[in-house]
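One structure is given here, and the rest of the page talks about it.
The values are calculated or read from the model by the stated rules, or taken from the named source; none is laboratory data. As the structure is a computational prediction, the values presented were derived from the model and not from experiment. Glycine gets a Cβ as well: all are built from the backbone with ideal geometry, and neighbour counts include every protein chain shown. Note: accessible area is taken over every heavy atom of the protein model, side chains too, but ligands, DNA and RNA are not part of it. Shrake-Rupley method; radii C 1.70, N 1.55, O 1.52, S 1.80 Å.
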Amino acid sequence: MEPDGILSLLSSQPLVVVGGLLCLLALISFFLVNRKIQQALNDVDHIDHRLNTLWHELDTLRLDPAPATANTDQPLKSATQPAPSPEKYAAEREVYETLWPLIWSLHDKVGTFLRAVDHRESHSESRLAARHAALEVRSQVNRLRPFFDENIDRLITQLLDVEIKAHLTACQYLDRNQSQTAVGAEGIETQPDTLRHKWKLLYDSEATELVNQLVDAIRRRTLPPGAPGL
């Protein structure tokens, strides 16, 4: 082989090596990106499954609406029963004095978390605080349930259910946004406006109305007939 041919072959070899390396890097990058996309899609499916499971558990914890119907006869029955003693009013009031601060704290902390999510502010601490508040309310309600009125028990259970659903909806919004950011704008169908509207409806409408009903019911239970304010 002539010297010029040998020099030409030697000078072309680095280009061939570099080209091969670039092809190899492109192939590896393709597999890594594809793996990340599949992992993100699997995470979204897992989150949806987890939320559906949590909501199913919440549905099983709800009280049967039948007692609410039976509750319509309550004023008729109480008319034929002797009026509760002052001691009973005092004992029941003590229960509500324990529960009400926890219930209001839950409502306030869930609202703080939802506002942080809505305004794209730091939400880690408020998210955890709202969750702990819900667990505390549920624990105290289960402990004190035999000692307070069944209508108030129903209202507290409904309120706790709505607060948790609002919290879970905001968590779903955050998780889907994180997954969408990891994968890109394509590949995941999300409806952030729908989720935002849902948690606002749950919190601003349903939860606020239940809080007002609960306040009115506690007043009627703790203030004896003829007391100022009734």
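So here's what we get for this one:
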item: Helices (runs of 4 or more DSSP H) within region 145-230 that include 3 or more residues farther than 26 Å from residue 133 by Cβ and at pLDDT below 95; result: 150-183
item: Which numbered condition residue 115 misses (of (1) closer than 22 Å to residue 210 by Cβ; (2) open to solvent by less than 70 Å² (accessible area, probe 1.4 Å); (3) at pLDDT 90 or above); result: (2)
item: Tally, over region 130-181, of residues that are under 19 Å from residue 215 (Cβ atoms), surrounded by 16 or more Cβ atoms within 10 Å (Cβ to Cβ) and of a type in the set (D, E, K, R); result: 5
